[in-house]
Amino acid sequence: MKLSGMSIALTLLPVATLAVLFFFRSAPAGRLWDSYRVLAVDAATDDAVVQTALSDVMCQGVISLAGQQLPLGPAGNAVTVSFIRSDRSESASYLSGRTRYFFDRSGRTRLYYVPVAYERQLARAVVLLAGQGIAAAVDVPVRFPWLPPVCALLFAALAGFVSRRRSVFLSVVAFFVLFAFSVPSYGAAAAVCLVLPAVWVVCECLYRDDVVSVVFKTPLVVTSGTAVVIAGAVSRGAGGMFLLTGLAAGTVLYAVRRRVGMRAAPSGILPAVISLARDRRLLFLLSASGVCTGALALCFLGSARFVPSSNGAEFPSRAARFGEQLPGLDAYVSWRWHVETFPYRSLTVPPQSATGLTGETIVFPDYAKNSTLIHEAASVRFTFDAAYRGRCIAAIDELEFDAIEQLFKAEDLRGTAGYAATGAAGGGVKTAILLLCALCAAGGTGIWYRGFMRTVRSVPTVVLRRQRHESVRYIFRKGERRWA
């Protein structure tokens, strides 16, 4: 059986959407780091004041930006340092990357890394700083926020229960439920609750020729547009995933409509009068949408972490799946190799990553005397192998300051890190505003639709009986037959 291009597209798009929802799912990190706790203060805060507070409570081994030096140890002589300043391409990349560990993504918060053994002392340091009028925060563990996606799931199940085309509706709404679990936030769940009534109407009117105009001539276009805006306000990634989810849902609906339309064979007529404009199920769903968004807003506002200690900021963490890449041990070893071998490398050869350096050697020309003759003998001075890597990592313990590389080693951060959310999953004042907008859209649409029911006349329809005892509705208007 030969597949057409349309059939392939209708299959690949939903599958690709499922893959995106799975692989690009986001969730707040439980802990940013296993061996260190993160103290966050405003970037404008005097570093000496923070260091004094940490010293007063006997916090030791604190990794701070002010305490960073070149991580070379005994090899860091004046000649090597001068070469570092000359080799700006490689050095600037790594050194600037390690500096980003001491700020959040926005750059407005400065970070200090305190060993986990001093967690209790760190709590007392936060109190001392608060007594001096300095707002300080410590990263807190965050569990998966089950409430928002479960609320979206329950509302989808309720809408499916009152749907006449339950199987079609549930197969389509599954994409939006998966989106709510992939982006587990209050804003994403509110967006799903807003768009589901429109999806429900499309499923109910799936076999009508004017199914698109039915949605655009009702207040549902307002709630759908608000849902897209809210999803985009959560994050750009969430907005893109929401649009992709809607596109996949539309693809499934088109495929179902196309398949049923090709095999429809009606026979027999049974008159009936049906009008979606007077369907109280839709009014019930709009009311339920308002209740769900209101419940999300109340749960968020009543949460103990509405204003979390870290204010929902994004801090460097190895738990981040995607995002900006922060250097780790691989970058440190690669940087150290380029620093130590810079005097002996060609300036025309660009620096390579740690993967491309494996097996590279630096050979010095040497001379040896054999009886009465002097001959050239090559001498291998540097080899980038496992032994060299081990020496570089072991040299971290010999550093005379608390280096960020100690964090890399303690966490065994061989690859790269990124930014992860900490604190409550809600996101602060922005999420409260988004939930308020969702509540207003849902409530206003419900009120609007109540008046809409009184003004729209019912459309005369007939119900045709098909073989296999399946019913298909048609509309007869001005001599035209159309799906109802």
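Okay, here's what the table says:
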item	result
Residue that is in a loop (DSSP other than H, G, I, E, B) and under 25 Å from the mean Cα position of the chain (by Cα), where the choices are R31, R37	R31
Count of segment 105-138 residues which are buried (at least 17 other Cβ atoms within 10 Å of the Cβ) and closer than 30 Å to Q325 by Cβ	13
Set L178, L170: member being part of a helix (DSSP H, G or I), free of Cβ contacts under 8 Å to residues at least 60 places away in the same chain and closer than 30 Å to S235 by Cα	L170
Extreme residue, most open to solvent (accessible area, probe 1.4 Å), among residues of segment 152-196 that are over 21 Å from A255 (Cα atoms) and among the β-branched types (V, I, T)	V162
Segment 199-214, residues that are surrounded by fewer than 24 Cβ atoms within 10 Å (Cβ to Cβ) and closer than 24 Å to G294 by Cα	V201
Matching residues in segment 42-62 - criterion: being without any contact (Cβ under 8 Å) to a residue 60 or more places away in the chain, assigned to a helix (DSSP H, G or I) and surrounded by fewer than 16 Cβ atoms within 10 Å (Cβ to Cβ)	A48, T52, S55
Among the candidates G418, G390, G423, residue that is modelled with pLDDT under 75 and not hydrophobic (A, V, I, L, M, F, W, C)	G423
Scope segment 126-167; condition within 22 Å of F284 (Cα to Cα), of a type in the set (S, T, N, Q) and part of a loop (DSSP other than H, G, I, E, B); matching residues	S163
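The values are calculated or read from the model by the stated rules, or taken from the named source; none is laboratory data. A quick note: this is a predicted structure, and the numbers were derived from the prediction, not measured. Every residue, glycine as well, gets a Cβ built from its backbone with ideal geometry; the counts of neighbours run over all protein chains shown. Remember, those area values only see protein heavy atoms, side chains included, never the ligands or the DNA or RNA. Shrake-Rupley method; radii C 1.70, N 1.55, O 1.52, S 1.80 Å.
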